[in-house]
1. List, largest first, the extents of the alpha carbons of the stretch B:166-315 along their principal axes, each in whole Å.
2. Compute the distance from the alpha-carbon center of the stretch A:87-101 to that of the stretch B:323-385, in whole Å.
3. Against the globular-protein guess of 2.2 N^0.38 Å, express the Cα radius of gyration of the stretch B:319-403 as a ratio, rounded to two decimals.
4. Within a 10 angstrom radius of the beta carbon, how do A:71, B:248, B:367 rank from fewest other beta carbons to most?
5. If you wrap the stretch A:138-177's Cα atoms in a convex hull and average its projection over all directions, what's the area in nm²?
6. Once the Cα atoms of the stretch B:247-397 are picked out, what are the Rg and Dmax in Å?
7. Name the longest site-free stretch of chain A, where the excluded sites are GluC sites (Glu not before Pro) in a DSSP loop with no more than 16 other beta-carbon atoms within 10 Å.
8. Quick one: divide the alpha-carbon radius of gyration of the protein assembly as shown by 2.2 N^0.38 Å and tell me what you get.
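Nothing in this text is a laboratory measurement; each read-out follows from the coordinates by a stated rule. What you are looking at is a predicted structure, and each value in this text was computed from that prediction instead of being measured. A quick note on method: Cβ atoms are made from the backbone with ideal geometry, for glycine too, and the neighbour counts reach across all protein chains shown.
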Amino acid sequence: MRESLVSIAGLGSVSPYGPIAGLIPQRAISPVAITAWATEGLRRAFLVEPFQPAKIVPGVKTRRLDRLSAWALVASSLAIRDAGIDLSQVDRSRVAVFFSTGFGCVELTESFFRSAAANGWGGTDPITFPETLANSPASHVALFHGLRGPNITIGSKRFGGESALIQCASLLRHGQADLAIVLSGDTITQAVYEWYEASGLLSSACYNEEPWGDGCGFVPSEGVAAVVLERADSRGARTYGHLREGRWTAGGHSLEVVHTMLNGAIPDLILCAGNGGPCTPSPAAALAREVGGQDAVIIPPDAVAAGMTDTGALLHLIVGLSNGPKSGLALLLGTSGGTSHDHGFAALLLELP
Amino acid sequence: MSELHRTIVITGVGVVSPYGTGLARLQEGMLSGRCCLTATTDLYPGFVGTAAQVEGFTLETGGRSLYSRTDRLAEAAARDAVAGMDRTDAAFRESGIVMASTVGGLSEIDPTIAQGPAAWYRRNGLERAASYPVARVADSVGEDLGICGPRCTVSVACASGAMAIALAANMLLDGVAPMILAGGSDALCPFTLSGFNSLQALDAEACRPFDQSRRGLNLGEGAAVLVMETLDSAMARGAEVLAVLRGWAMTNDASHPTAPHKEGIGLAECIRLAMEMASVGVDEIGYVNAHGTGTPLNDIAETHAYELAFRERSSPIPVSSTKSYFGHCLGAAGALEAAITIMSIRCGALLPTLRLADPIASTGVDWLRGEVRRQALPMAMSVSAGFGGSNAALIFGRDGSRP
């Protein structure tokens, strides 16, 4: 897919790094102890510290929303602010919202189940039910900002963020929108965390205060990252880069596909979007070395973004752009296990300004 | 890009509905006017209402146990859609999958999970919970058919199925896969029944879309999958073209978290954009398969949308809701209704809304009711809308209508 006309105009995120417009200042953070539910001993995760959304986005009302929707509102607002866009001056029927999520509004789904457990299926909460739908956060973003363009929510195992970026760029390229907000995120709940735990997927760092234990498994993370996409040169505004091409598949020969995308070029920067990392060696890092050789700067998976298993790509992108070269050709690479020659992968090629 | 590359065609339609598996059963049932909605009390303790189930549905899964009923319905529809295709072909293996669902694996989970997830996993197994993410629906289809191209599952409430088809069309234009299986699947489950019941959105009896006395919707279940590719791809492999996807569009009302815009402005704009993409005028659309849930708010807003979008027509636009036959299948609805629209075009039959005795007064809409209207139908539209204000419109044409 050729996406030469699509520009990354703004970034915003609500993550364990905090609510931030634009790039994320480099700093290491540690997992924190979970206190939202009773645990059998220490259990840690990368968690979003509670904050008041209205202090960051004046006028936003989140009291009746779950955290995912509230974070989506804040992250989208920060990204729009970072892009320097005044929505009152924009034709909002031409602004799309594209959201990817792994577990959707799982907090409210659990809440709805609790009301069913307490009162029976005949006594569930009518206020909660519509908000359990996975597209609620994207709908709230549209409602808050008055965005009447396509409003789409997807799930894609391991590659939700990449898939959303690629498909949203496609909307712009085909003239179905002029501007778009791509969001990706999830929340950690007891059911999600304990599912990871029962599946044996967690890092030893979830259970003790040591940094990274044996390096296998991951530390669950949460948050929402947002990227403003627009047709390049539509405002002559600053850009973080242009999306040139993107692919994601559930299997196949990733190296061949990436080489075809690069068309003989060597990327200056490769951002590894390891999901379920930081497991050593990361399949994405191995692929990055094959693609980039000795010259490319390879940024390993960010542990916080990697903990957002299906939806970390946008946070990987923001962290990677924050810490790598600011110009040249960049490749965002994600993989999903399998053999080195036939596995699911996602690749986005960016031209940095 | 040539016209052949730009033309998106449908070369397969797979359906699992309360009529059974296959488009032929759906066609036979609907053309005969048979309603699958039945009074039921066994969907959860205390439930009294009307719904449409896929009775006696089984699927040979080769020993796999982790797939939910939603996944199984999707797999069955996908198998039906690709019946007769060479599954060993490289292009088939590289196909993309864009499914839609709102329920996903919720049908496999019960309320006690909220009282202690870890204990629930020990009792019921991790695999049941693993089907919860909606992404699982596309993965299950891909794994069942050995397809490894790009995959995702759309979850935009009741507009999901139509949006999956629209996104698949965009992906084909981008050349990211040689072929895409696109559709939707949702199973009946206590979670959604209870939710709609709590909202007082269910009609205890069979629903009456667009009737003045409508009282709400009925839920159904099923799945539909379309095989989509570009016309040049279909011609190269000698595939029969069942229909052409002439236009598609998606919009959002941005007016209310659950209710549609009262004047149907967002939906009308969606219809206008789809016609603009298809380069067709309002008189060229011969039929609209409506969203038509039977709820008081949806149906009046939708009526306003048709009056607005088709106000330049020389005659009222023929409209019906086929949810009156087997209910609202949520994330599958848009895909099932796309399949029904294609069927209508191919057999020249405009299906009536069942039980439509006293339609909403409208000078702009020709409410289809009573008998099936037999006439040539070169082009028709399927319209979907959902909680969160999302709208989608798809325009299908007969093979050969373009180029």
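1. The Cα atoms of the stretch B:166-315 stretch 51, 42, 27 Å along their principal axes.
2. Value for the Cα centre distance between the two parts: 31 Å.
3. On the way: Rg = 13.5 Å, N = 85, 2.2 N^0.38 = 11.9 Å.
Here the answer is 1.13, to two decimals.
4. On the way: A:71 29, B:248 26, B:367 23.
The fewest-first ordering by Cβ neighbours comes to B:367, B:248, A:71.
5. Working: hull surface 11.7 nm².
Directional mean of the projected Cα hull area for the stretch A:138-177 stands at 2.9 nm².
6. In Å, with Rg to one decimal and Dmax whole: 13.8, 40.
7. Working: sites that count: A:40, A:209.
The longest such stretch corresponds to A:41-208.
8. Values: Rg = 24.2 Å, N = 756, 2.2 N^0.38 = 27.3 Å.
Compared with the compact-globule rule of thumb, the protein assembly as shown sits at 0.89.
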